Amino acid sequence: MKSINGWWGAVLVSGLIGCGQEAKEPAPEQAEILAAEQEARFLTPPAGCTEISVGEMVNGIELTPVQYERQPTFRGDFTNTGGAQRDELRIRLDMNTQPGLYDLSLGGANTFTCDQCVFGYQDIGTTAQKLFVADAGALLLALQVSPQQTVGALSNVVLRESVLATPTSGPYTGSSVVSGGECRWIRFATWNTVRPGGCDPRQGSLTSSLNDTACVADDYAATDGTLQRALGTKTQG
């Protein structure tokens, strides 16, 4: 794999398009992701790793029933594992993760210590369930409307078979790689959890106090919201 900077260049910071406006040209984050996808075509999986593909990723409000986590978490199915049951990939970001490029090896393949985490479950919810945690690869957070509504991409992600490790309780548990365990590999995958009318209700965000609208929170922590018509005087909070 090329260096992280070689993959996607400088950190991308994208502006938001205001209500009622139309983009004059393709969004810059999409151009950046497309360029990365072209690069990924020439990658090959590491020895012993099985390539998997990833379906559409969704955030908490898009689940039925709605299910938010303490940190932004996106879920989607992955395939090509050979198992008979459902397999799920998750991307979990620290609440403070900003648009930019991240090296997944820095998390140490540990679901407790990683700030940008990529992990999956094969045969989820069964006695044959296996955990796979990323120990290498790149994650690009290209656009952020709110912590829960983002656009991004994964490239050259290596997922190692892992088991639960300390801490084994609390909001987040740890994991450790199984020596000689199975390996899964993601060449390239994208996600887009931005929805029409989505906004960030947190004070100071670009969408928290637009004219004639209010950003109504959709989750208890008020990290995700939807714009609603609101005339008259508004008070932040």
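What the table below lists for this structure:
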quantity	calculated
Of all residues in region 57-114 being touching a residue at least 40 places away in the same chain (Cβ under 8 Å) and among the acidic types (Asp, Glu), the one that is nearest to GLY225 (Cα to Cα)	GLU62
Among the candidates VAL163, VAL151, residue that is aliphatic (A, V, I, L, M), touching a residue at least 12 places away in the same chain (Cβ under 8 Å) and out of contact with any helix residue (DSSP H, G or I) (no Cβ under 6 Å at 6 or more places or on another chain)	VAL163
Hits in region 36-57 (condition: surrounded by 16 or more Cβ atoms within 10 Å (Cβ to Cβ) and either of a type in the set (Phe, Trp, Tyr) or under 30 Å from ALA217 (Cβ atoms) (or both))	VAL54, MET57
Residue match in region 129-141 (condition: of a type in the set (Val, Ile, Thr), in a strand (DSSP E or B), assigned by TED's automatic domain parsing to the domain that holds THR44 and over 30 Å from ALA222 (Cα atoms))	no
Yes/no for CYS114 being crowded, with 20+ Cβ neighbours inside 10 Å, at negative phi and of a type outside the set (S, T, N, Q)	yes
Residue ID - surrounded by the fewest Cβ atoms within 10 Å (Cβ to Cβ), chosen from residues in region 178-237 that are in a loop (DSSP other than H, G, I, E, B) and among the hydrophobic types (A, V, I, L, M, F, W, C)	LEU231
Condition check for SER155: assigned by TED's automatic domain parsing to the domain that holds ASP77 and part of a strand (DSSP E or B)	yes
Test result for LEU101, within 23 Å of SER176 (Cα to Cα) and surrounded by 17 or more Cβ atoms within 10 Å (Cβ to Cβ)	no
Odd one out for THR150, checked against (1) under 14 Å from ALA109 (Cβ atoms); (2) hydroxyl-bearing (Ser, Thr, Tyr); (3) crowded, with 19+ Cβ neighbours inside 10 Å	(1)
Among residues of region 35-71, those that are within 22 Å of VAL157 (Cβ to Cβ) and either in contact with an Asp or Glu (Cβ under 7 Å, 6 or more places away or on another chain) or in a loop (DSSP other than H, G, I, E, B) (or both), counted	15
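The values are calculated or read from the model by the stated rules, or taken from the named source; none is laboratory data. The shown structure was predicted, so the numbers you read here are calculated from the model rather than taken from an experiment. Neighbour counts are summed over all protein chains in view; Cβ atoms, including those assigned to glycine, are modelled from backbone coordinates with ideal geometry.
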